[in-house]
1. Out of the residues in the stretch 103-114 meeting the condition of being outside any helix (DSSP H, G or I) and of a type outside the set (Val, Ile, Thr), tell me which one is surrounded by the most Cβ atoms within 10 Å (Cβ to Cβ).
2. Name, by its number, the condition in (1) under 28 Å from residue 79 (Cβ atoms); (2) surrounded by 15 or more Cβ atoms within 10 Å (Cβ to Cβ); (3) at pLDDT 80 or above that does not hold for residue 186.
3. Determine the pairs where a residue that is under 24 Å from residue 187 (Cα atoms) and of a type outside the set (S, T, N, Q), located within the stretch 147-162, has a partner that is at pLDDT below 75 and not in a loop (DSSP other than H, G, I, E, B) with Cβ atoms under 9 Å apart, the partner being 6 or more residues away or on another chain.
4. Of the conditions (1) over 30 Å from residue 173 (Cβ atoms); (2) surrounded by 13 or more Cβ atoms within 10 Å (Cβ to Cβ); (3) touching a Leu at 6+ places or on another chain (Cβ under 8 Å), residue 86 satisfies every one except a single condition; which number is it?
5. Taking the stretch 59-74, which residues are within 19 Å of residue 48 (Cβ to Cβ) and either in a loop (DSSP other than H, G, I, E, B) or out of contact with any helix residue (DSSP H, G or I) (no Cβ under 6 Å at 6 or more places or on another chain) (or both)?
6. Are there any pairs with C-beta distances below 8 angstrom linking a residue in the stretch 55-77 that is assigned by TED's automatic domain parsing to the domain that holds residue 98 to a residue that is hydroxyl-bearing (Ser, Thr, Tyr) and in a helix (DSSP H, G or I), with the two at least 6 apart or on different chains, and if so which?
7. State the number of residues belonging to the stretch 75-102 that are of a type in the set (Asp, Glu) and either in contact with an Asp or Glu (Cβ under 6 Å, 6 or more places away or on another chain) or not in a helix (DSSP H, G or I) (or both).
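The values are calculated or read from the model by the stated rules, or taken from the named source; none is laboratory data. Nothing here was measured: the structure is a model prediction, and the numbers come from that model. Neighbour counts are summed over all protein chains in view; Cβ atoms, including those assigned to glycine, are modelled from backbone coordinates with ideal geometry.
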Amino acid sequence: MEHYLGQLLADIAFATENVDLPYCENRGDIWAWISDDEENRTAPRRPLEEWTGIRKAMLPPVEKLTDDQVYRLLGALKHMLDEYNWSFVMQIEVPERLQYAALRANYDQEAIVKQWHMGFFQICREGGPHANCVLGEYCHCRLFQELFSNFVDEELTPEEERARALEIEVEHIKRKYGDAWMKYYPYHLDPEYDDKDGNPYDYGFGIHDDDDPADAWKK
């Protein structure tokens, strides 16, 4: 397996260094910019296997790989997908073996060849039951369904909208970062950390614009 893996990693490296981006000549034309929704509707689509030259059948089942082999192969594939602007992104912490299994299971998908916005590898099969998701309890679709299950569409005041956004974000980062969630606390959503004028720019550190060293020359 190690000999085969070396060849596969070389093929992935070649695909990473030789990305076919047909829109590059128009990238600097700001007048051609379109919204993400419009780009999703109008951008060309290509089978990921055809575009990258890496086929799903080339990727060994996770059961055949050691943890170290999964680590190397997953890292190479993620880097390659980033270069194709079809990034493989986890919303919560997921064991690497499960990440690789999900990437391999869903590799035979179409990618949107985007010019202006980030594209994301589709981890969950659209319309598929959560119970069949390769990620199991880490299924992203189920995660967000649960996050929003207790909320109904209703008219809210700006203060209520902010409180709801804070509740949802805190629940999300608790799932994503576990015991370290406070490191990522969304201070900008919590009115307790607004500055003296009620602006959400304090982030809990007591830093105000008039304390900026860059303005010291004005005093």
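1. In this case the residue turns out to be 111.
2. (1)
3. 147/172; 147/175
4. (1)
5. 59, 60, 61, 73
6. Close Cβ pairs (under 8 Å, with a partner that is hydroxyl-bearing (Ser, Thr, Tyr) and in a helix (DSSP H, G or I)) amount to 60/4; 62/100; 65/100; 70/100; 73/100; 74/100; 76/16; 77/100.
7. Going through the stretch 75-102 one residue at a time, the tally reaches 1.
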